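The values are calculated or read from the model by the stated rules, or taken from the named source; none is laboratory data. What you are looking at is a predicted structure, and each value in this text was computed from that prediction instead of being measured. Positions of Cβ are backbone-derived with ideal geometry, glycine not excepted, and every protein chain shown enters the neighbour counts. For accessibility, only protein heavy atoms count, side chains too; no ligands or nucleic acids. Shrake-Rupley method; radii C 1.70, N 1.55, O 1.52, S 1.80 Å.
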Amino acid sequence: MSRTFKPRRRRLGSRRASLHAELLPRFGLDESGPSIDLRALFEPGSTVCLEIGSGNGDLASYMTRNFPQYSVVAVDVHRPGIARLLDDIDSYSLVNARVVEGDALIFVERLMASSLDEVWTFFPDPWPKNAQAHRRLFTTERIVRLARVLREGGVLRVATDVDSYAISIDRKLRESGLFEELCADRPEWRIETAFERAGREAGRSSTDLTFVRNGVAVNS
Ligand SMILES: C[S@@+](CC[C@H](N)C(=O)[O-])C[C@H]1O[C@@H](n2cnc3c(N)ncnc32)[C@H](O)[C@@H]1O
């Protein structure tokens, strides 16, 4: 199976490395393993969100500090970003955040069907060349895997600053028959990350896409 990322290992400084080693077992979930009920990890009634590609963790940290009704599982393969978020979870005693250091597409296989309220994927790597298209997160097959874990009425939020990718994502989600388009508004809580800011400074503007999971069953 191809990956939506190219593995890159960046070394952590010694303080971050020891924090990462200490905190990952406390606040991390394994990428693979037995089925897991995320709702049982959080306050009953909270909005359970999966953030795919949490980068340096800014949004997950901001949301869980400022909107305690949201519970966020942030997934990325990027160890320095995971380490930063672990640091925040510990420093702010966040009970509504967990991390997965690994591939979100493998992790979702651990989740029960219809177990998430929201899936966020802000600035997924666009893989613009045709030869790289198999790495895109929004392929027909991967959309089905995300749809399986989102409950009916649950929300899929996407943002990208690559116009052609926005058009492609929009089309693929519609064609899947598993989602209905809700709006193209930017959620007011979606802070500008360093990644988005760099794009804006380079002249790119962001498109937000918000889709709702409909009641069509996923064949698995
Ligand atoms: C362009 S960055 C955007 C990061 C962040 N959302 C932001 O706005 O700053 C995309 C991120 O997605 C991560 N990523 C790509 N595929 C992934 C996957 N299958 N599972 C987890 N993370 C993934 C990459 O490691 C990278 O950190």
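Summary of computed values
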item: Output for segment 10-34, where each listed residue is modelled with pLDDT under 95, exposed (fewer than 10 other Cβ atoms within 10 Å of the Cβ) and of a type outside the set (Ser, Thr, Tyr); result: Arg10, Arg11
item: Segment 150-165: number of residues that are open to solvent by less than 10 Å² (accessible area, probe 1.4 Å), aliphatic (A, V, I, L, M) and either at positive phi or more than 10 Å from the ligand (Cβ to nearest atom) (or both); result: 3
item: Among residues of segment 69-95, those that are farther than 10 Å from Leu50 by Cα, of a type outside the set (A, V, I, L, M) and open to solvent by less than 10 Å² (accessible area, probe 1.4 Å), counted; result: 1
item: Criterion violated by Leu86 - all others in (1) within 12 Å of the ligand (Cβ to nearest atom); (2) touching a strand residue (DSSP E or B) at 6+ places or on another chain (Cβ under 9 Å) satisfied; result: (1)
item: In segment 109-121, the residues that are under 14 Å from Ala159 (Cβ atoms) and either in contact with a helix residue (DSSP H, G or I) (Cβ under 7 Å, 6 or more places away or on another chain) or open to solvent by less than 10 Å² (accessible area, probe 1.4 Å) (or both); result: Val119, Trp120, Thr121
item: Residue in segment 130-140 that is farther than 28 Å from Ala184 by Cβ, in a helix (DSSP H, G or I) and open to solvent by less than 40 Å² (accessible area, probe 1.4 Å) present; result: no
item: Subset of segment 47-61 [open to solvent by 10 Å² or more (accessible area, probe 1.4 Å) and either over 18 Å from Asp117 (Cβ atoms) or more than 16 Å from the ligand (Cβ to nearest atom) (or both)]; result: Thr47, Gly53, Gly55, Asn56, Asp58
